[in-house]
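Right, one structure below, let's go through it.
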Amino acid sequence: MIIRISEAKNHVGQEATVQGWMYNKRGSGKIWFLQLRDGSGFMQAVVASGEGNEAVMQTAEKMTLESSLKVTGTITQHPKQADVFEMQVKSIEPVQICTEEYPIGKKEHGPDFLLDNRHLWLRSNRQWAIQRVRNTIINATYEYFNQNGFIKIDAPILTPNACEGTTELFDVEYFDEGKAYLSQSGQLYIEAAIMSHGRVFDFGPVFRAEKSKTRRHLTEFWMMDAEMAFVEHEGNLAIQEGLVSFIVEKVLERNMNEMKLLERNTEPLTKVKAPFIRKTHAEVVQELRAMGSDIKDNDDLGADDETMLTKKYDKPIFVEKYPTEVKAFYMKRDPNDPTHVLNADLLAPEGYGEIIGGSQREDDYATLMKRILDHKLNPAVFDWYLDLRKYGSVPHSGFGYGLERLVAWICGLDHVRETIPFPRMISRLKP
Ligand code: 4AD
Ligand code: MG
């Protein structure tokens, strides 16, 4: 019977076959301990010498690191650890024995070497754990939206206009149409879809030709945008709190094993429950200055500001009502104070910083047109977006999260480059 390692607990005392890879081996001529991995988990397979066992001992000896194989034997419980299972091996069928030494050895490797070998590095147990947590976050996002009346709408990647800053656009030649741009966010398109569906979200790769070389920036990353008709600023924040708490709860429910592998202290994550901390941009500026930052009244928060501020807290923090001039053209201004917008950035605690950007959207045609002109954008490419304010415009809001930022925070990683299978950064396009 072929089983996956994750099912071993159901087969104690039975004979079973595991198919996978040997990531490590210890032992000698008398006994071999093969460390196996099959994608679902890890297991030690014990090959002991004895009468009639000569052939299997010889095969065990021949197996090199990262060779692929099928191993058959009896599943047993670890003598000391109740939740650990082993195999007492009867036979080994090599699938492919590596004849070249596996490049990622036991010694320490630098990040550049590991990133050059990303196609192999993905197999390491930490990288395995990170992708499993990423998968939970993706699924929890779909679950939350499905349970809350949203439908998924796929936004295009090739677009004629910018969504966020025009300085960060990747362009491509597009037949006779001139330049097309790789999407920075599906937001503008899903705003169109709410007039059909009410509540929608998208989830896909987005592109930013950002010159920033920081631990938080990639040039290609995955964004989830959500957009809701008849939801204003307050309602927007409540949905974000609901989603982020749900995601963290699901990771704690499903991935404690991975968290242990990553040595992530999950105590702070247990506090990620609504209501989150809320502060205005103006309050945060004061707080940051008191901590030594030179941030000005109308400055966006710098990377160091975010780190410094969020290290103080163990719950996510909404920073709301930024100065109008530092935010995007589509954000609705606060009717009580048009120098500020009805937006919020959600900052993750423990020094992580921004994970979500969102706002109520400008829904008045004339005001939006003026904002497009003020931002020196070409209204002709936004004619369709302006149309949405002509035909049944409604108050509406939305937000977008960066998947890699969420994974980095929840897994407790230093850099987003480990959170995506194949990171794209200013000077990295390979593998
Ligand atoms: O704050 P941003 O730029 O907001 C938008 O694009 C809005 N259109 C979203 C919306 O309202 N629907 O980006 C959203 C999130 C950020 O909060 C951050 O988590 C992530 O995307 N992000 C990046 N992640 C990795 N690398 C980059 N270069 C990122 N830029 C933004
Ligand atoms: Mg932002």
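I'd like to check something: does the stretch 39-55 contain any residue that is closer than 22 Å to residue 122 by Cβ, touching a helix residue (DSSP H, G or I) at 6+ places or on another chain (Cβ under 6 Å), touching a residue at least 12 places away in the same chain (Cβ under 8 Å) and not polar (S, T, N, Q)? The answer is yes; a qualifying residue exists. For the stretch 353-405, give me each residue that is open to solvent by 10 Å² or more (accessible area, probe 1.4 Å), of a type in the set (Ser, Thr, Tyr) and under 30 Å from residue 244 (Cβ atoms). 393, the sole residue that qualifies.
Within the stretch 241-283, the set of residues being closer than 20 Å to residue 334 by Cα and open to solvent by less than 20 Å² (accessible area, probe 1.4 Å) comprises just one member, 281. Taken residue by residue, the stretch 223-239 has at least one member that is within 16 Å of ligand 1 (Cβ to nearest atom) and of a type in the set (Val, Ile, Thr). Considering only residues that are touching a helix residue (DSSP H, G or I) at 6+ places or on another chain (Cβ under 6 Å) and in a strand (DSSP E or B), which ones fall in the stretch 28-38? Across the stretch 28-38, the qualifying residue is only 32.
Here the stretch 327-373 is the region considered, the condition is being among the hydroxyl-bearing types (Ser, Thr, Tyr) and touching a helix residue (DSSP H, G or I) at 6+ places or on another chain (Cβ under 8 Å), and the residue that is farthest from ligand 2 (Cβ to nearest atom) is 365.
Considering the conditions (1) within 33 Å of the chain's Cα centre (by Cα); (2) in a loop (DSSP other than H, G, I, E, B), residue 25 is excluded by exactly one of them, (2). Scanning for something within 16 Å of ligand 1 (Cβ to nearest atom), assigned to a strand (DSSP E or B) and touching a strand residue (DSSP E or B) at 6+ places or on another chain (Cβ under 6 Å), does the stretch 302-317 turn up at least one residue? Yes, that holds for at least one residue. For residue 80, the criteria (1) touching a Leu at 6+ places or on another chain (Cβ under 7 Å); (2) over 23 Å from residue 101 (Cα atoms); (3) not hydroxyl-bearing (Ser, Thr, Tyr) hold in every case but one, which is (1).
Please enumerate the residues belonging to the stretch 85-104 that are closer than 22 Å to residue 423 by Cβ and exposed (fewer than 14 other Cβ atoms within 10 Å of the Cβ).
The initial filter retains those residues of the stretch 85-104 that are closer than 22 Å to residue 423 by Cβ, namely 102-104.
Within the stretch 85-104, just 103 meets the criteria.
The single condition from (1) more than 16 Å from ligand 1 (Cβ to nearest atom); (2) at pLDDT 95 or above that residue 154 fails is (1). Applying the set (1) within 11 Å of ligand 1 (Cβ to nearest atom); (2) part of a strand (DSSP E or B) to residue 211 leaves exactly one unmet item: (2). Applying the criterion of at least 2 residues that are in contact with a His (Cβ under 8 Å, 6 or more places away or on another chain) and near ligand 1 (Cβ under 9 Å from one of its atoms) to the strands (runs of 3 or more DSSP E) found wholly in the stretch 324-431 leaves an empty list. Being touching a Lys or Arg at 6+ places or on another chain (Cβ under 6 Å), within 16 Å of ligand 2 (Cβ to nearest atom) and on the phi < 0 side of the Ramachandran plot is a condition met by at least one residue of the stretch 219-239.
Of all residues in the stretch 169-196, those satisfying the criterion of being open to solvent by 40 Å² or more (accessible area, probe 1.4 Å) and more than 26 Å from residue 363 (Cβ to Cβ) are 170, 171, 172, 173, 174, 175, 176, 177, 179.
Within the stretch 288-301, the only residue that satisfies the criterion of being surrounded by 16 or more Cβ atoms within 10 Å (Cβ to Cβ) and either at positive phi or part of a helix (DSSP H, G or I) (or both) is 288.
Counting residues in the stretch 128-140 that are within 14 Å of ligand 1 (Cβ to nearest atom) and closer than 24 Å to residue 390 by Cα gives zero. Of all residues in the stretch 382-403, those that are without any contact (Cβ under 8 Å) to a residue 40 or more places away in the chain have Cβ atoms under 9 Å from Cβ atoms of residues that are more than 16 Å from ligand 2 (Cβ to nearest atom) and of a type in the set (S, T, N, Q), 6 or more apart or on another chain, in 389/367. Every test in (1) surrounded by fewer than 12 Cβ atoms within 10 Å (Cβ to Cβ); (2) within 20 Å of the chain's Cα centre (by Cα); (3) among the aromatic types (Phe, Trp, Tyr) is passed by residue 121 save one, and that test is (1).
The values are calculated or read from the model by the stated rules, or taken from the named source; none is laboratory data. It should be emphasised that the depicted structure is a prediction, and the values quoted were computed from it without experimental measurement. Using ideal geometry, Cβ is built from the backbone for each residue, glycine included, and neighbour counts are taken over all protein chains shown. When the accessible area is computed, the model is the full protein with side chains, heavy atoms only, and any ligands, DNA or RNA have been set aside. Shrake-Rupley method; radii C 1.70, N 1.55, O 1.52, S 1.80 Å.
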